[in-house]
Amino acid sequence: MDRIFIRGGNRLCGTVHISGAKNAALPILFSSLLAAGASRYRRVPRLRDIDSTLGLLATLGVAVERRGAEVGLDASGLNRWEAPYDLVRKMRASVLVLGPLLARMGRARVSLPGGCAIGARPIDLHLKGMEALGAEIRLEHGYVTARAGRLRGAEFTFDRVTVTGTENVLMAAVLAEGRTVLRNAAREPEVAALAEVLNRMGARIDGAGSSEITVEGVAELHPVEAEIIPDRIETGTFLAAAAVTGGRVEIRDCEPRHLGAVLDKLRRAGAEITVGERAITVSGPERLKSVDIQTQPYPGFPTDMQAQFMALMSVAEGVSVISETIFENRFIHVSELSRMGADIVISGDTATVRGVRRLSGAPVMASDLRASACLVLAGLVAENTTEIHRVYHLDRGYEALEAKFAALGAEIRRVG
Ligand code: EPZ
């Protein structure tokens, strides 16, 4: 099991280039199931979750080729409709095959993803959306079995905002007969990016990126060439790293418009930020000031930046109140931060963080993707050395993270 060692105390300086967004690439790669023919995708990040996605597509009969950040997928030979447990348990986003398989094949059998470290993460709203479109859904032996003739357009309101739930039902609706209206839909940029690719495949989607999406079903879709949008959470993670180390970093190939809430909080905490067309320059102060955050669906403060921000507040001046409203168990990183000397008290969905002058390096354990990023940030400013175990969590969502941090002057190395 790989470990990462970080010796804290260096200010980060220099330039970093952002990779394609994991959470845009996953639904877009699964959308290739909707068309017969060869699609090509650029700027696909090299991540374990992408490997899992391509592996699952190949088991369904999709021809897969990959050259660096370019991926080619041809679903002409699609001949299976089952996503098995051993693949889905590795990556819960595999549930995104449900909508495309139902739309293209009229059937799907997908293992229930089960929970994960940050919560139970049910998919009941995905299934309710498919039923609204006329699918017959059965749950048996840990699998979802879905069948439908041609899906029929419908009006459906999500009980709560769900990103992959919106993406899954949207991918089912594009080939349904008639009009579909999705209300209380997720507004994340990754949803809008998926809809843009689907429209370039011949779908007729309006309103993606807003909370009401209208789809006029079409008979078939054609292959596409697409580029994946920049990863806003990777961008946020580097913004946070520059701010907390008192450094000065230019972040290139990013999309500043996707980070309004994060930029606002970092400015309030004392970071100096200038925004260009596709770049952000951030300078950190001697010491950040405490600010409160409450995670919300986009365009609110993203839950995927909550752990990273908690690392910053752990050494900020003052007291910060952090509320996690999206997932019921997304404070796992708190116990590890506390072992490094952070002063954090949890009460329900709220953590009160009293900033300390310095954290102290320690052996710590990553528990999920963003908690791992939090521990990297803490290690960058802790005294002495921090040793992070179970870094495979990081590899799921950050491309070449230690190389990018080392290029900015961090003392960081991976030991296999
Ligand atoms: C997506 O997960 C992201 N993953 C997550 O990123 C992100 O944290 C999350 O959205 C919130 O922004 C991908 O896009 C692949 P949700 P998703 O459905 O879609 C509840 C990362 O680190 N819910 O928006 O699974 C659910 O339990 C990952 O990259 C239901 O109750 O999240 C949660 O409390 C982590 N029933 C809330 O809604 C459902 O049917 C939001 O979940 C679906 C969701």
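For this structure, a couple of remarks:
- Here Pro27 qualifies as at pLDDT 95 or above, within 16 Å of the ligand (Cβ to nearest atom) and either in a helix (DSSP H, G or I) or among the charged types (D, E, K, R) (or both).
- Some residue of region 38-46 being in contact (Cβ under 8 Å) with a residue 12 or more places away in the chain, over 19 Å from the mean Cα position of the chain (by Cα), open to solvent by less than 40 Å² (accessible area, probe 1.4 Å) and more than 30 Å from Ser283 (Cα to Cα): yes
- Yes/no for Thr214 being more than 16 Å from the ligand (Cβ to nearest atom), touching a residue at least 40 places away in the same chain (Cβ under 8 Å) and of a type in the set (S, T, N, Q): no
- Flag if Val97 is within 15 Å of the ligand (Cβ to nearest atom) and among the hydrophobic types (A, V, I, L, M, F, W, C): yes
- In region 174-198, residue surrounded by the most Cβ atoms within 10 Å (Cβ to Cβ) [restricted to those that are in contact (Cβ under 8 Å) with a residue 60 or more places away in the chain and either more than 20 Å from the chain's Cα centre (by Cα) or on the phi > 0 side of the Ramachandran plot (or both)]: Val174
- Scanning region 316-329 for residues that are open to solvent by less than 30 Å² (accessible area, probe 1.4 Å), outside any strand (DSSP E or B) and more than 16 Å from the ligand (Cβ to nearest atom) gives a single hit, Ala316.
- Residue pairs whose Cβ atoms lie under 8 Å apart, separated by 6 or more positions or on different chains, with the first residue in region 241-268 and under 16 Å from Gly9 (Cα atoms) and open to solvent by 40 Å² or more (accessible area, probe 1.4 Å) and the second assigned to a strand (DSSP E or B) and hydroxyl-bearing (Ser, Thr, Tyr), are Arg248/Thr281; Arg248/Ser283.
- Lys90 being part of a loop (DSSP other than H, G, I, E, B) and within 16 Å of the ligand (Cβ to nearest atom): yes
- Filtered by the rule that a residue be away from the ligand (no atom under 16 Å from the Cβ) and either assigned to a loop (DSSP other than H, G, I, E, B) or not β-branched (Val, Ile, Thr) (or both), region 56-72 gives Ala58, Leu60, Gly61, Val62, Ala63, Glu65, Arg66, Arg67, Gly68, Ala69, Glu70, Gly72.
- Here Arg104 qualifies as more than 15 Å from the ligand (Cβ to nearest atom) and either of a type in the set (D, E, K, R) or more than 19 Å from Leu26 (Cα to Cα) (or both).
- Residue selected from region 128-169 under the condition of a type in the set (Lys, Arg) and within 11 Å of the ligand (Cβ to nearest atom), by the criterion most open to solvent (accessible area, probe 1.4 Å): Arg160
- Complete set of residues in region 199-211 that are away from the ligand (no atom under 15 Å from the Cβ) and either open to solvent by less than 10 Å² (accessible area, probe 1.4 Å) or part of a loop (DSSP other than H, G, I, E, B) (or both): Met201, Gly202, Ala203, Gly207
- Looking only at region 170-193, residues that are of a type outside the set (Asp, Glu) and near the ligand (Cβ under 10 Å from one of its atoms) come to 2 in all.
- Once region 369-393 is narrowed to residues that are more than 22 Å from Gly14 (Cα to Cα) and open to solvent by less than 20 Å² (accessible area, probe 1.4 Å), the residue that is farthest from the ligand (Cβ to nearest atom) is Thr386.
- So Ile332, is it open to solvent by 20 Å² or more (accessible area, probe 1.4 Å), of a type in the set (Val, Ile, Thr) and at pLDDT below 95: yes
- The requirement of being within 30 Å of Gly134 (Cα to Cα) and open to solvent by 10 Å² or more (accessible area, probe 1.4 Å) is satisfied by Gly217.
- Checked against (1) under 15 Å from Phe30 (Cβ atoms); (2) free of Cβ contacts under 8 Å to residues at least 40 places away in the same chain; (3) open to solvent by less than 20 Å² (accessible area, probe 1.4 Å), Leu87 passes all but condition (3).
- If you go through region 182-220 and keep only what is under 16 Å from Phe156 (Cβ atoms) and among the acidic types (Asp, Glu), you end up with Asp206, Glu212, Glu216.
- Matching residues, region 107-126, being near the ligand (Cβ under 8 Å from one of its atoms), open to solvent by 20 Å² or more (accessible area, probe 1.4 Å) and over 15 Å from the mean Cα position of the chain (by Cα): Ala120, Pro122, Asp124
The values are calculated or read from the model by the stated rules, or taken from the named source; none is laboratory data. What you see is a predicted model, and the numbers here were worked out from it, not measured in a lab. Positions of Cβ are generated from backbone atoms using ideal geometry, with glycine treated the same way; all protein chains shown enter the neighbour counts. The area values use the complete protein model at the heavy-atom level, side chains included, leaving out ligands, DNA and RNA. Shrake-Rupley method; radii C 1.70, N 1.55, O 1.52, S 1.80 Å.
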